[in-house]
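Read-outs throughout are calculated quantities, based only on the coordinates presented, and are distinct from any laboratory measurement. Quick caveat: nothing in here was measured; it's all calculated off a predicted structure. Every residue, glycine as well, gets a Cβ built from its backbone with ideal geometry; the counts of neighbours run over all protein chains shown.
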2 protein chains.
Amino acid sequence: MTVPQKLVVVLSGGLDSTTLLYDAVAQGADVVRAVSFNYGQRHKKELDYAKQSAEKLSIKHTVIDLWSSGLTEAFSNSESSLVTDTDVPEGHYGEESMKATVVPNRNMIMLSIAGGIAVADGANAVATGVHAGDHFIYPDCRPAFISTAASALALGNDGFGSLDVAPIFTPYIFRSKNDIAFRAIELDVPLHETWSCYNGRENHCGRCGTCVERLESIDWAVNKFLDEYNVEVEDHTMYEDDAYWREALKRETV
Amino acid sequence: MTVPQKLVVVLSGGLDSTTLLYDAVAQGADVVRAVSFNYGQRHKKELDYAKQSAEKLSIKHTVIDLWSSGLTEAFSNSESSLVTDTDVPEGHYGEESMKATVVPNRNMIMLSIAGGIAVADGANAVATGVHAGDHFIYPDCRPAFISTAASALALGNDGFGSLDVAPIFTPYIFRSKNDIAFRAIELDVPLHETWSCYNGRENHCGRCGTCVERLESIDWAVNKFLDEYNVEVEDHTMYEDDAYWREALKRETV
């Protein structure tokens with residue numbers, strides 16, 4: 001996938017989108033803006049991580065505050081544990097309980113807003129770090145959704161701005177989280193400067209779905225990097241519990 | 001077009017969306033919520049009109065404040081006169097200068113947010129009052145955009161909520177503004193309780209594109225209603241200038 005020339009990057013501050021940002025810059029794209037969203041997620045800490053990474057790469061950073069916009073209040077009938085007081089489920093990312101982390105129409109909302117900003121900024125596309133591992137749980141990370149949303153974005157701004165025909169750039173959509181972690185290491189992304197945990201405490205909990213997935217992928221990528229380049233890489237992220245993920249995986253494969 | 005059972009209506013407070021709201025209620029839909037947007041438009045007055053109409057019909061009303069979310073600031077590179085200090089153009093709605101009233105990706109942003117709320121509220125569709133007269137200027141009011149955005153909305157929430165397969169309801173998309181004004185009169189919508197003017201002053205200016213279009217359509221509909229039902233209807237809206245629109249039309253037909 002050739003990287004578009006001028007990009008707006010949707011940056012959550014997590015491993016995937018931060019790697020995407022480093023990747024786009026490494027490939028010579030002009031990233032005109034990184035956009036993050038406060039949608040009342042309890043892991044609001046990720047926004048600080050997003051800001052830090054954008055600053056480090058000298059990229060203009062904008063936080064769209066959907067929380068103060070009234071959207072989160074309007075989502076009060078939603079069952080998502082990310083925006084309500086329900087507990088965030090523990091265990092593997094692929095488990096049924098993770099459905100409680102679905103925020104209604106989240107990606108379409110974020111891509112639409114970032115798309116409008118891309119039109120205003122004269123960018124060619126919006127980039128998002130969705131990957132193959134997201135497909136199972138989140139319908140708005142699947143290729144059919146992304147390509148249709150891209151068509152809508154192009155049609156809705158026909159004659160205005162400089163958007164490409166398919167203006168949503170998703171280089172990881174057919175890649176696994178493992179691949180992204182490996183790419184992060186290749187690009188020398190400081191892993192501890194990314195935030196994944198769905199619980200917004202001092203350190204990563206190590207037990208929620210996204211922590212389990214993060215630990216598993218980083219472990220895989222660190223081993224592969226050692227195999228391929230004979231270089232040992234360390235993850236300096238602090239976890240409350242850095243052993244649980246192996247159990248969770250064992251439990252899943254029983 | 002059969003009206004979906006449970007609807008979220010995008011309500012600007014203008015003639016089209018207010019008529020749509022009355023129409024949906026008249027046809028027996030359960031309108032679970034009306035959603036309005038503050039996107040920094042200078043005609044913010046329309047939001048008061050939206051609130052008033054929703055209250056009158058006992059429909060829950062939510063204003064999503066994209067202005068305070070930081071979106072409008074992020075649109076600072078946009079050329080739209082609706083969100084910047086550029087003058088709102090005068091003259092007929094169909095003229096080239098009206099392109100200055102295009103807000104980047106406005107409908108996709110509003111439909112995505114209303115779509116998320118519809119999922120949370122268990123509604124079957126989002127309704128919007130786009131009509132055939134909008135197609136020429138606004139790409140995000142065209143049928144190709146709407147049907148593609150509807151597919152994206154359905155795909156992005158597959159398995160969650162109760163959305164229809166084509167969850168954007170646009171009963172006026174192939175109707176003219178004249179038809180909507182006629183429908184408004186049929187439904188006894190108080191015309192002066194709707195706000196169209198792109199300038200947000202005390203009264204409708206009567207000269208901007210949307211005022212000219214409004215006056216023209218209401219005039220047509222009032223005459224048609226008189227012809228068909230022999231009933232005289234009056235528009236109690238106050239205009240700064242209620243004569244200019246005829247000149248603007250004459251100018252156009254020269």
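Summary of computed values
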| quantity | calculated |
| --- | --- |
| All lysines inside 29 Å of A:LYS177 as judged from Cα atoms, apart from same-chain residues fewer than 8 positions distant | A:LYS6, A:LYS44, A:LYS45, A:LYS51, A:LYS56, A:LYS60, A:LYS99, A:LYS224, A:LYS250 |
| Inter-centroid distance (Cα atoms) of the stretch A:16-61 relative to the stretch A:122-195, Å | 13 |
| Inter-copy spacing of B:ARG201 label points, which lie 7 Å from Cα along Cα→Cβ, given in nm from shortest upward | 6.1 |
| Chain A: most fluctuating residue of A:ILE173, A:ILE109, A:ILE185 per GNM, C-alpha cutoff 10 Å | A:ILE109 |
| Proxy reagent accessibility, fewest Cβ within 10 Å first, across B:LEU249, A:LEU20 | B:LEU249, A:LEU20 |
| Cβ-based exposure ranking for B:THR19, A:THR101, in which fewest neighbours within 10 Å come first | A:THR101, B:THR19 |
| Other copies of A:GLU232: label-to-label distances in nm, shortest first, labels 7 Å along the beta-carbon direction | 9.5 |
| Global geometry of chain A, whether rounded, prolate or oblate, following the gyration tensor of its Cα atoms and the 1.5 cut on a/c | oblate |
| DSSP H segments from chain B that extend 20 Å or more along their own axis, Cα-based, with Kyte-Doolittle mean of 1.0 or above | B:106-121 |
| Order by protection proxy (mean Cβ within 10 Å, highest first), peptides B:157-167, A:129-139 | A:129-139, B:157-167 |
| Position B:GLU79, label points 7 Å along Cα→Cβ, spacing to each other copy in nm (shortest first, one decimal) | 4.8 |
| Estimated 222 nm signal from helices in the protein assembly as shown, with DSSP H stretches of n ≥ 4 weighted -39500 (n - 2.57), rounded to 500 | -12500 deg cm²/dmol |
